[in-house]
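The values are calculated or read from the model by the stated rules, or taken from the named source; none is laboratory data. Owing to the predicted nature of the structure, the values given are computational and were not obtained by experimental measurement. Neighbour counts run over all protein chains shown; Cβ positions are idealised from the backbone, glycine included. Protein only, heavy atoms only, side chains kept; ligands, DNA and RNA dropped before computing areas. Shrake-Rupley method; radii C 1.70, N 1.55, O 1.52, S 1.80 Å.
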Amino acid sequence: GSALRLPDREATTNGRIVHAWLQEVEWAEEGLPGREALLATARREARGVPLHAIRSLVDDFFMWMEKPSIRASLSRDSYPPGSVVETEMPFAARVGGRILHGRMDRVVFVGEAGRVERAVVHDFKTDRVLGTDAGAVEERIAYHRPQIEAYRRALAAMFGLPLEVVDGRLIFLRPGLVVDVSRR
């Protein structure tokens, strides 16, 4: 059988740091936090991580943010005018007799006059997967699918939207892959 694989502490810590950084990004066009701000956030999020490791992660972060698919996902130009973004959005919703709750990394709301007509939930992943390894990518998509589908259902329930207008995207930062799970 397959053994349960728990994420290692370094991966978990790096994920927490990167999510804190991404929480500060509203739209790519407005710029990214500077190097010193990123270092300060990382020190706050992960005490005891060596400075050289944080600096290396900062370099990775800037590299990931330049990848066209990631930049497009974080870009105001990729959405209709008037779209609004929420980062680390807390949620609680009754879905299928269960209460789902937690935080969504990033949600873009599309609509006019304060009415939500569509939503796109983004879930950032720092998995060590190569974009050139199709099998590994598919395995990670399958692994994360239940989480992103739960987010889609929760958003649909919270805003009274049909599930078809709530998209779910996994953003694999390392390889620069954006996968629209709702369209697969």
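Shown here: percent of Cα pairs over 21 Å apart, derived from the displayed model; of the candidates (i) 53; (ii) 68; (iii) 48, it corresponds to (i).
Helix by helix, which DSSP H runs in the chain go 18 Å or more along their axis at the Cα atoms and have an average Kyte-Doolittle hydropathy of 0.0 or more?
Details: long enough: 9-23 (21 Å, -0.62); 51-65 (21 Å, 0.74); 134-159 (35 Å, -0.21).
Length and hydropathy pass: 51-65.
A simple spin-label model places pseudo-atoms 7 Å from Cα toward Cβ; at R103 and H52 they are separated by 3.1 nm. Oblate is the label for the range 45-98. Its Cα gyration tensor axes, ordered a ≥ b ≥ c, give a/c of at least 1.5 and b/c at or above a/b.
Put the Cα centre of the range 107-181 next to the Cα centre of the range 52-105 and the gap is 9 Å.
Ignoring any ligand, DNA or RNA, what whole percent of the accessible area of the chain comes from carbon and sulfur when the probe is 1.4 angstrom? It is 52 percent, rounded to a whole number. For E117 and E24, the FRET efficiency from 1/(1 + (r/R0)^6), where r spans their Cβ atoms and R0 equals 22 Å, is about 0.20. Spin-label model, R16/R76: points 7 Å from Cα along the beta carbon direction are separated by 3.3 nm. With 0.36 nm allotted per residue and the present C-alpha distance subtracted, the S69-R94 stretch has 5.7 nm of extension available.
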